[in-house]
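Below is one structure, written out as structure tokens, with a few remarks after it.
The values are calculated or read from the model by the stated rules, or taken from the named source; none is laboratory data. For clarity, every value in this text was computed on a predicted model and none was experimentally measured. Neighbour counts are summed over all protein chains in view; Cβ atoms, including those assigned to glycine, are modelled from backbone coordinates with ideal geometry. Accessible surface is based on the protein model in full, side chains and every heavy atom, while ligands, DNA and RNA are left aside. Shrake-Rupley method; radii C 1.70, N 1.55, O 1.52, S 1.80 Å.
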Amino acid sequence: MNSSPPSRRTVLRWGAGATGALAALPALTACGQTVGAARTTRQAATRPGQKVNLVFWTWVPMQKTVDLWNRTHPDIHVEMQTIPQNVQGGYQKMHASLTAGNPPDLAQVEYHELPGFMLVNGLTDLSAYGADELRDSYVPWQWNQGVFDGRVRTIPQASGPMGLFYRKDLFEKWGIEAPATWAEFEQAARVVKARGGGARLCTFAPNQPSWFAAMCWQRGARWIRTEGDDWIVDMNSDLSREVADFWERMVRDDLVFVGPDMSSAWFRQVQTGQISAWVGPQWGDAMLRSNAPGTKGKWRVAPLPQWTRGDNASANWGGSSTAILQGTRHPREALRFAHWVNTDPEAVDLNISVGYGWPAATGVFRGSALDKPDPFFGGQRYNDVFTASDRAIDTSWKWSPTTDADFAQFGDAFGAAIAGGGSLAATLAGAQKNTVDNLLAKGLKARSA
């Protein structure tokens, strides 16, 4: 069993690919970094007939799924504990538990957070417990999100291929077709402003740098790559600035609302038709359904608008894994649950009902709750759009192990730029410098592109 802390080389090897040539690197301790969880994973012996108890931290309301597991698996009892959502407190709680040596057995960790957890030795080496044999059960690119240095470190749960949610009734009222390009999207926004009686096409949310990253992802930008030992940060590319310029124009010309999305105020705007579209992920279906039930039957889903007519580029927003944190005493039992909760058809259907996202498991879409006409979307088989979107994602996108800090600084800069009438594109250079500094502070070698 390999439970030693990952070196920079381990994390870099993920970024560079398994065949990347890497020079020798100093240990993390040489730079005063947090070297690992206070407790490492070790399989505890159990007596015949003994029930194993596991603790699972998540912010997705999956209690019905956990209840199903507990009814059907009397030898392993899972206690689900709801924690604050991701960067709103969830990850801080996980890292604190790792440092204190009292982590839960399992936790929901988004894909972009996994490199950060690797740097603090926060994930159990699941290859040591047979996880490699499960590989064929999952979509390859989602599976690979949790593979570091050839070792499986987490079980994929779901992703968020993107599309355009829009109000068909309002679009028809205002004479708008679902936009196929971003230029048409901007034109649609101008029509809504002119005819909508105070409505706007959508909202630009400065609090969602991960959404903005997805927009740059679709445009073809790549924010992070590695060359040898170096992390190369390229957030200030022409492609990213083009995306920033587009949304800056939408803000400046008062074509969109500006404010936090998925907030109470945002949901009220959705409920009342003040917002008529959302460039969102597949898991947004549950957000709309549960928070704006009065709009049932009025929504449709179209493909993500393209920068060039006829292209077919998509992106991913969100996506999580079921991680088995470093320090569990029951890794084999935790792995059984992690695999079941993400592949059992009945469990997947229950997860879908609470908006956990686009399943990472292969072969579960057909026949699932996602694979049917939906009354909320006027009988549209709307997930056919996301099926195509999922296939159009360039899966070469990489994340920095400092994404938490990078995004926090990025969101602050976006908010300040808008409040002060500044340029969104101008914040990209600062975001790039901050990300390089964050990587250097972790003891990694990093530079701007």
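Residue check: residue 49 meets all listed conditions (1) modelled with pLDDT of 95 or more; (2) surrounded by fewer than 16 Cβ atoms within 10 Å (Cβ to Cβ) but one, namely (1).
With respect to the stated conditions, residue 395 is open to solvent by 10 Å² or more (accessible area, probe 1.4 Å) and either in contact with a helix residue (DSSP H, G or I) (Cβ under 9 Å, 6 or more places away or on another chain) or without any contact (Cβ under 8 Å) to a residue 24 or more places away in the chain (or both). Residue 404 satisfies every condition listed in (1) of a type outside the set (S, T, N, Q); (2) open to solvent by less than 30 Å² (accessible area, probe 1.4 Å); (3) assigned to a helix (DSSP H, G or I) except (2). For segment 75-89, the set of residues classified as within 18 Å of the chain's Cα centre (by Cα) and not in a helix (DSSP H, G or I) consists of 83, 84, 85, 89, listed by residue number.
Within segment 288-335, the set of residues being of a type in the set (D, E, K, R) and modelled with pLDDT of 95 or more comprises 296, 298, 300, 309, 311, 329, 332, 333. Filtering 228, 198 for residues that are out of contact with any helix residue (DSSP H, G or I) (no Cβ under 9 Å at 6 or more places or on another chain), in contact (Cβ under 8 Å) with a residue 24 or more places away in the chain and surrounded by fewer than 16 Cβ atoms within 10 Å (Cβ to Cβ) leaves a single hit, 198. Within segment 272-307, the residues that satisfy the criterion of being among the small types (Gly, Ala, Ser) and within 17 Å of residue 214 (Cβ to Cβ) are 277, 280, 284, 302.
Under 7 Å by Cβ, and 6 or more places apart or on different chains, what pairs join a residue from segment 423-446 that is more than 27 Å from residue 247 (Cβ to Cβ) and in contact (Cβ under 8 Å) with a residue 12 or more places away in the chain with one that is surrounded by 18 or more Cβ atoms within 10 Å (Cβ to Cβ) and of a type in the set (Asp, Glu)? These pairs meet every condition: 445/229.
I need the full set of residues from segment 216-236 which are within 11 Å of residue 446 (Cβ to Cβ) and assigned to a loop (DSSP other than H, G, I, E, B), in order please. Listed by number, the list holds a single entry, 229.
Yes/no matrix, rows are residues, columns are (1) open to solvent by less than 10 Å² (accessible area, probe 1.4 Å); (2) assigned to a helix (DSSP H, G or I); (3) under 25 Å from residue 38 (Cβ atoms):
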residue: 57; (1), (2), (3): no, no, yes
residue: 91; (1), (2), (3): yes, yes, yes
residue: 114; (1), (2), (3): yes, yes, yes
residue: 163; (1), (2), (3): yes, no, no
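Please determine whether any residue of segment 354-370 is open to solvent by 10 Å² or more (accessible area, probe 1.4 Å) and part of a helix (DSSP H, G or I). No, segment 354-370 has no match at all. The residue list 292, 302, 286, 221 contains one member that is surrounded by 16 or more Cβ atoms within 10 Å (Cβ to Cβ) and either within 18 Å of residue 425 (Cα to Cα) or of a type in the set (D, E, K, R) (or both), which is 221. One residue stands out among those in segment 308-342 that are over 30 Å from residue 36 (Cβ atoms) and not hydrophobic (A, V, I, L, M, F, W, C): the one that is least open to solvent (accessible area, probe 1.4 Å), which is 314.
Kindly establish whether residue 37 is within 26 Å of the chain's Cα centre (by Cα) and part of a loop (DSSP other than H, G, I, E, B). So residue 37 fits the description; yes. With a requirement of 1 or more residues that are more than 30 Å from residue 97 (Cα to Cα), the strands (runs of 3 or more DSSP E) lying completely within segment 247-329 that satisfy it span 277-281, 299-302. Of all residue pairs spaced 6 or more apart or on separate chains, those with beta-carbon atoms under 6 Å, a first member in segment 311-338 that is within 20 Å of residue 135 (Cβ to Cβ) and a second member that is of a type in the set (Asp, Glu) and not in a helix (DSSP H, G or I) are 320/110; 334/105.
Looking at segment 116-129, which of its residues are touching a helix residue (DSSP H, G or I) at 6+ places or on another chain (Cβ under 7 Å) and open to solvent by 20 Å² or more (accessible area, probe 1.4 Å)? Listed by number, the residues that qualify are 120, 129. Taking the condition outside any loop (DSSP other than H, G, I, E, B) and either open to solvent by less than 60 Å² (accessible area, probe 1.4 Å) or over 28 Å from residue 286 (Cα atoms) (or both), does residue 96 pass? Judged against the criteria, residue 96 is a match.
If you go through segment 407-448, how many residues are assigned to a helix (DSSP H, G or I) and open to solvent by 60 Å² or more (accessible area, probe 1.4 Å)? The number of residues fulfilling the criteria is 9.
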